[in-house]
Structures are given as C-alpha cells and as structure tokens.
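Encoded as structure tokens, the structure appears first; notes follow it.
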C-alpha cells in the first residue's frame, strides 16, 4: 500500500514538474512578444501599423491573463476557498455571450459555431452566472483549439426538475481530432495537457479541464465525455440551479448611473496600471489623483477631499491593508467613512469578508477590468434612472457611462421631441402618409436611445391608424 502511495506521489510530482516547465514556456512566450512589439511600437509612426501592433499586444495580454487566472483558480480549488454566488440570472444571454466570442473566430477558421437553448429552459435561475460563463468559455475554447473543420455546437436543455431546483444540461459538441478511449479519463487530471503529440501543436497550461471539472462538481454537478479519434468530441455537463423566490417586484434590473462628479484617490505602484486607471476614470468624467504608496495616500487625505479611495492590496513601503488600518485609526469621522475599493491578485472573497469592517465595499481581481471597476463604483454611488420612464442602459453602454454626454442627450430629447411629435400628429390628421413615414424614420432612434419602449409602440400604433384611415 505504501509503495503504491509513493508511486502515486512521484507521478503527481512529475506531472507538476512537467507542468511548470511547460507553463514557464507559456508565460515567457507572450511576455517576450509583448516586450518586442512594445519596443517596435515606440519606433512606429504609421497609424495602421500602430493599430496592428496594439491589437496583437492586446490579444497576447489576454492570453497571458488567462494563464494567470488558471493558476489562481487552481490555488482556490486546492485550498477549498472557491466561493459560488447565488444570484438571479437569465441563462440565454450567458450562452449568447459565450458562443459569440467564437462565432467570428470560427468564420476566420472556416468552422460553423452555433447554439440552441430549449424553450423549456426557465427564463430566470438562481446560481453563479460568472462560473457558468467560465465553464462554457473553457469548453468552447477547448473545442475550438482542437477543431480545424466542421462544426462546434452548444445545446442547452432541461435535464430534470425536482421541487425548487432544476438541473440544466449543457452539451458542447465538436468535429475535432477526438480523444482515444484510454486518454479520456486523463484529460481532467491537473497539470495534464493534451495527449503526447498534440501539446506542441495546441499549447495550453493543462489546467482548463481540471478547473472545469472542479467548478462543476463543487456545485453538485456532473460532467462526462464521449469521443472518437478523427470524428469529434462531446462534453456534457449538468448543473443544478434553484428557481428564484417569487417577488412582487419586476425582475428587470433598474439601471443606475453615478450623477455625482467624484474625486477619487488611487494608490497603485505599477506605472501601467496608473496610466490605465487615470484614463478610465477620466473617460467616466471623474477626477482622480494617483500615488504609488500608502504614505502618499495618507498625506493626500490630509490635504484634500476625496469621495472614494482605490487601493492596491500590495504596495511598497506601506501596502493597502496597512494604509487602510492607519486611515481608520488616525483620521476623523469625515475621512473614516470614505468608501474603499481594493485591487488584489489574491482570494477576493477572503479579503472582503475580513476587511469589510474597514469600509472595503468591493474587492476586484487583477488584471484591472474597467467594466468591473465601473460596476463597483456604481454599486456605491449609483442612483436610479435620471428621468421617470427612461431606461438609459443603452445610452450608458453607447457613451461608456459619460455622464455629461448622457445629460446632453436627454436635454436635446426633451427640447426637440414635443415639436416633432406635434408634427406627426398633424401629418396623421392630414393623412400625409409619405411625410409621416419619413418623420417616423427620423425620430424613432431617439426613443430607443432613451429606452422609452412605450413611445415606440405608440408611434407604431399611430402609423397603423393612419394607414387604416387612408384605406
């Protein structure tokens, strides 16, 4: 028994050694590409070449980020610190978002990428949409990597219902190179890449499918694989979700926007992150001051007023935690109540639970994602729709959350629409069908920008009534 145990440990140790050897190559390659292209970029004046290099750097950085995220997720899984959310969500947009990432790439590669969600799948479920997206993306990416022709499909259906839960089945099918029966069990092992002979061609860290399996099984789900070499592979997983508790409130999420011009103090020592944060915050029409360590954060707090503090959890001289503890103990009530957002490369849930009493409202993972940061700011300072009956989700998305531009759009809408609607009313009375059609074409997008669906419907009804009167 001891001999078998030692052999097993040696086998795992060899897999780990092989893994770190391979991952060092996986990390060095994109880093070298980014460094080389960045040097060339500084020497370029041609805008087209600059855009091309910037695009390659961006895609390479995303690949590097995915490797780091795999390693971080593995750390959470092995330390039993993976946490799962329980929020209400619609599975269809999750599927659409996952599949759309590969539709365009599929066209370039000559592969058809399709999806289908059965009508029986409930509209709203309770579970962890982020982890579901992660699983779907990993499986689709895996299929895409090993498929050179044919089709990749994602089908979603109801597997079973019992009481207040429903088990949803997800099936990812491809016409790729396939897997031999003896290797199927091995693909979920940690540190294991594709069977020998394919690693050089397809790359990867060897963590993706192991992480997928753990994410599914830790949510009381199951996963199975069927495959034939040269024919393709089908991976099916089943996840249980709860039905949301019935509430009298409409399930549609109300959009919020930050109406206050915030002054934000940022503690971040990485020059690239400093530049990115400055540009993002400026784009959102907020003011910012960025310093590189905790000592300078404390000094600035004594000199000026700030609405929000953003801190890197790990900074030189005085890190984010030490800085925050000092602020809460040394300053008065006015500064003590300033909300804090932390950036970290460590376990987010553990940090938030431990330091929420210090005013930490949100913990975000590095690398910095502007959408996540803006969402965290909205969660702290967000207010309901700016005008009754308006749903500004589309306008915010279109403008990148630029508050001034949205106000300008609303102002133009309010001052121009009454006159345009009066024109339409007069045209309907005069039965001038052609001019009414042109006016409708002109103003209809404005109601869409403001999210006033009822008005779009009323205009359509007016057009129908006018046509009926002419007939």
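The values are calculated or read from the model by the stated rules, or taken from the named source; none is laboratory data. Every value quoted in this text rests on a predicted model; they were computed, and no experiment measured them. Reconstructed Cβ throughout: ideal geometry from the backbone, glycine too, with neighbour counts over all protein chains shown.
At-a-glance table
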item: Those helices (runs of 4 or more DSSP H) lying entirely in the stretch 172-283 with at least 1 residues modelled with pLDDT of 75 or more and farther than 30 Å from residue 162 by Cβ; result: 181-184, 271-283
item: Among residues of the stretch 325-342, those that are at pLDDT below 85 and either under 22 Å from residue 370 (Cα atoms) or touching a strand residue (DSSP E or B) at 6+ places or on another chain (Cβ under 6 Å) (or both), counted; result: 0
item: Residues of the stretch 286-314 satisfying the condition of being at pLDDT below 90, under 26 Å from the mean Cα position of the chain (by Cα) and part of a loop (DSSP other than H, G, I, E, B); result: 313, 314
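Condition check ((1) surrounded by fewer than 20 Cβ atoms within 10 Å (Cβ to Cβ); (2) more than 24 Å from residue 69 (Cβ to Cβ); (3) touching a residue at least 60 places away in the same chain (Cβ under 8 Å); (4) in contact with a strand residue (DSSP E or B) (Cβ under 8 Å, 6 or more places away or on another chain)) across all residues:
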site	(1), (2), (3), (4)
100	yes, no, no, no
103	yes, no, no, yes
118	yes, yes, no, yes
126	yes, yes, yes, yes
145	yes, no, no, no
150	yes, yes, yes, yes
170	no, no, yes, yes
